[in-house]
Amino acid sequence: MTSQATLSGWGRWPRRTCRTAPLLAEAPFPGGPTLGAASAITRGNGRSYGDPALNPDMTLTGTRANRMLSFDPGTGDLVTEAGVLMSEILDIFAPRGWFPQVVPGTKFGSVGGMIGSDVHGKNHHCAGSFGDHVNWIDLLCADGELRRCSSEENAELYNATCGGMGLTGHILAASVRLRRIASAWIAQETIPVPDLDTAMGVFEANHDTTYSVAWIDCLARGDSRGRSLIYLGDHADPEALDREKRADPFKLPARRKLAMPLDAPSWALNALTLRAFNQAYYKAGCRKAGHGVVDYDSYFFPLDSIANWNRLYGAPGFAQYQCALPLATARDALLDLLEAISEARLGSFLAVLKRMGPGAPERPLSFPIEGYTLALDFPLSSRALTLLDCLDEITVAAGGRLYLAKDSRMTQRTFEAGYGPALDQFRALRAETGATDVFQSVQSRRLAI
Ligand SMILES: Cc1cc2nc3c(=O)[nH]c(=O)nc-3n(C[C@H](O)[C@H](O)[C@H](O)COP(=O)(O)OP(=O)(O)OC[C@H]3O[C@@H](n4cnc5c(N)ncnc54)[C@H](O)[C@@H]3O)c2cc1C
């Protein structure tokens, strides 16, 4: 039943040789929650960028426990095993007029992984994060007991598990609440903005719009720092569609399946090619300014349109940097971050800015806080790692934090500065439930969680 595999997150760095076994759908597990190993972690579909879903002792791979168990069309409550992917939920339920309340930027995450990271979407300002739309979970705890947890039952354990990066136990099943939609289309408005202040003004003026996100040109300098393309969106009603789409409002347009066949040479993404790409992308966005409709797959998951796109960064892999900055300090901190990035002549074509609403303080390791979040990819190099340490200083000084689901290199000091007293609460709960020695990952060891 167990085997060995070299595993990594989506960033393909770090890589570790891990003993692996499939996550079982039912308890008790032979040999306990670690299947007899010294410790274990559950891995969903490995779409976190760094090392939270890696444990050389034992990594339980969750995607085979992927049955959908029940659906209540009266409430929209869907019960699934933890390994079900967002893409599987969308394939079955979107054509029937149901949609998850929160979707991250990839549809290839599993239910267990999305709860484990408490993922957020382009609507955090009005819908919160994934954990706000989960009715209950069944959690296999360190003592081998399976516990039903929710905001009413075993609430502290539930709150610690949402965003707890698999460190409180194995989620075996969950009930998530879906919402109604009237079509597979999004009414989108594309707004090019020349700088950061204008971008933040548009976000602040559009709190009533369900979805908002900005592609930001992280290499733009001077007065153009923060120039962006903002994409506002709402689920479209059939009346807003043209006749052809209205005839079958849930039919998605055919899409060519693209894939990155090989690792790109590491010189491919450099300051010149990135600046040229960003220039062209911004110009193209300016030409598309205004209102239109776009299918939900293109609006929510543009990156998923190219399979294995992470090979674009070459064999060494890449690191994603995602920070959240409090509203009061966000503007100045974002300008400092952008300045440091363009000064270093490093950056990425993939830089995303989102407005976040109030966080969930009852969930100790849940990432979102009220303010702004910036996410950027950097091809792996010692220069990039030095820059990321410098970005940490700016983030910490602004009272911000980094996202564990994207992290592969932050220090314990940066982590503790970002999560503060809630972290002590989380560590205490792990000690009380016996989870500290049982559930571990390469990340939890690096950060002493
Ligand atoms: C292209 C791309 C875009 C993304 N955009 C966003 C975004 O917009 N917003 C956002 O929030 N995230 C985003 N992410 C991150 C992603 O949604 C999360 O990392 C999510 O957790 C991935 O799900 P997974 O099943 O692959 O989890 P994994 O990476 O396998 O695991 C994530 C964490 O959950 C834990 N876990 C997994 N399964 C279980 C289980 N059954 N029981 C207990 N713990 C478990 C793991 O131990 C690990 O700590 C993006 C990722 C990619 C690749």
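The values are calculated or read from the model by the stated rules, or taken from the named source; none is laboratory data. Keep in mind it's a predicted model, so treat the numbers as computed, not measured. With ideal geometry, Cβ positions are generated from the backbone for all residues, glycine too; neighbour counts draw on all protein chains shown. Keep in mind that these areas ignore ligands, DNA and RNA; they rest on the heavy atoms of the full protein, side chains included. Shrake-Rupley method; radii C 1.70, N 1.55, O 1.52, S 1.80 Å.
Name the strands (runs of 3 or more DSSP E) wholly inside the stretch 50-106 in which the number of residues that are closer than 20 Å to Phe250 by Cβ is 1 or more.
Output list reads 68-72, 77-81, 98-100.
Filter the helices (runs of 4 or more DSSP H) completely within the stretch 146-264 down to those with at least 2 residues that are farther than 30 Å from Asn66 by Cβ and within 25 Å of the chain's Cα centre (by Cα).
196-205
Can you tell me which residues in the stretch 118-129 are crowded, with 23+ Cβ neighbours inside 10 Å and within 12 Å of the ligand (Cβ to nearest atom)?
Asp118, Val119, His120, Lys122, His124, Ser129
Given the structure, is Pro316 open to solvent by 30 Å² or more (accessible area, probe 1.4 Å) and within 13 Å of the ligand (Cβ to nearest atom)?
Spelling it out, it is not the case that Pro316 is open to solvent by 30 Å² or more (accessible area, probe 1.4 Å) and within 13 Å of the ligand (Cβ to nearest atom).
Residues checked against (1) of a type outside the set (Lys, Arg); (2) in contact with a strand residue (DSSP E or B) (Cβ under 9 Å, 6 or more places away or on another chain); (3) over 21 Å from Gln322 (Cβ atoms):
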site	(1), (2), (3)
Ala82	yes, yes, yes
Leu85	yes, yes, yes
Pro95	yes, no, yes
Pro104	yes, no, no
Ser110	yes, yes, no
Val134	yes, yes, yes
Asp138	yes, yes, yes
Arg148	no, yes, yes
Glu152	yes, yes, yes
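Can you say whether Ile115 is within 17 Å of Leu167 (Cα to Cα), within 11 Å of the ligand (Cβ to nearest atom), assigned to a strand (DSSP E or B) and in contact with a helix residue (DSSP H, G or I) (Cβ under 9 Å, 6 or more places away or on another chain), as far as the supplied structure shows?
Here the answer is no, as Ile115 does not meet what is asked.
Can you tell me which of (1) within 12 Å of the ligand (Cβ to nearest atom); (2) closer than 29 Å to Ser305 by Cα; (3) open to solvent by 10 Å² or more (accessible area, probe 1.4 Å); (4) outside any loop (DSSP other than H, G, I, E, B) is the one Asp132 doesn't meet?
Unmet for Asp132, out of (1) within 12 Å of the ligand (Cβ to nearest atom); (2) closer than 29 Å to Ser305 by Cα; (3) open to solvent by 10 Å² or more (accessible area, probe 1.4 Å); (4) outside any loop (DSSP other than H, G, I, E, B): (1).
Is it true that Leu23 is within 11 Å of the ligand (Cβ to nearest atom), under 22 Å from Gly163 (Cα atoms) and not basic (Lys, Arg)?
yes
For Ala384, indicate whether it is open to solvent by 10 Å² or more (accessible area, probe 1.4 Å) and part of a helix (DSSP H, G or I). Spell out how you get there, then give the answer.
Numbers: open to solvent by 10 Å² or more (accessible area, probe 1.4 Å): no; part of a helix (DSSP H, G or I): yes.
Answer is no for this residue.
Out of everything in the stretch 28-46 that is touching a residue at least 12 places away in the same chain (Cβ under 8 Å) and open to solvent by 40 Å² or more (accessible area, probe 1.4 Å), what residue ends up being nearest to the ligand (Cβ to nearest atom)?
The extreme case among them is Asn45.
Out of all the residues in the stretch 118-158, which are closer than 22 Å to Pro30 by Cβ and aliphatic (A, V, I, L, M)?
Those that are closer than 22 Å to Pro30 by Cβ and aliphatic (A, V, I, L, M): Leu139, Leu140, Ala142, Leu146.
Quick one: would you say Thr59 is within 30 Å of Ser382 (Cα to Cα) and open to solvent by less than 10 Å² (accessible area, probe 1.4 Å)?
yes
What residue, of Asp389, Asp407, Asp424, is under 28 Å from Asp57 (Cβ atoms), charged (D, E, K, R) and surrounded by fewer than 16 Cβ atoms within 10 Å (Cβ to Cβ)?
Step by step, each of Asp389, Asp407, Asp424 is checked, and only Asp424 is under 28 Å from Asp57 (Cβ atoms), charged (D, E, K, R) and surrounded by fewer than 16 Cβ atoms within 10 Å (Cβ to Cβ).
Among the residues of the stretch 1-14 satisfying the criterion of being within 14 Å of the ligand (Cβ to nearest atom) and assigned to a strand (DSSP E or B), which is farthest from the chain's Cα centre (by Cα)?
Of everything passing the filter in the stretch 1-14, Ala5 is farthest from the chain's Cα centre (by Cα).
Within the stretch 151-166, can one find any residue that is free of Cβ contacts under 8 Å to residues at least 60 places away in the same chain, of a type in the set (Asp, Glu) and not assigned by TED's automatic domain parsing to the domain that holds Gly290?
Taking every residue of the stretch 151-166 in turn, at least one turns out to be free of Cβ contacts under 8 Å to residues at least 60 places away in the same chain, of a type in the set (Asp, Glu) and not assigned by TED's automatic domain parsing to the domain that holds Gly290.
Quick check on the stretch 363-381: of everything there that is aliphatic (A, V, I, L, M) and buried (at least 24 other Cβ atoms within 10 Å of the Cβ), which residue is nearest to the ligand (Cβ to nearest atom)?
Among those residues, the one meeting the criterion is Leu365.
Which residue, of Glu244, Glu189, Glu239, is touching a His at 6+ places or on another chain (Cβ under 7 Å), more than 16 Å from the ligand (Cβ to nearest atom) and within 30 Å of Arg96 (Cα to Cα)?
Working: Glu244 fails: touching a His at 6+ places or on another chain (Cβ under 7 Å); Glu239 fails: touching a His at 6+ places or on another chain (Cβ under 7 Å).
Unique residue meeting the criteria: Glu189.
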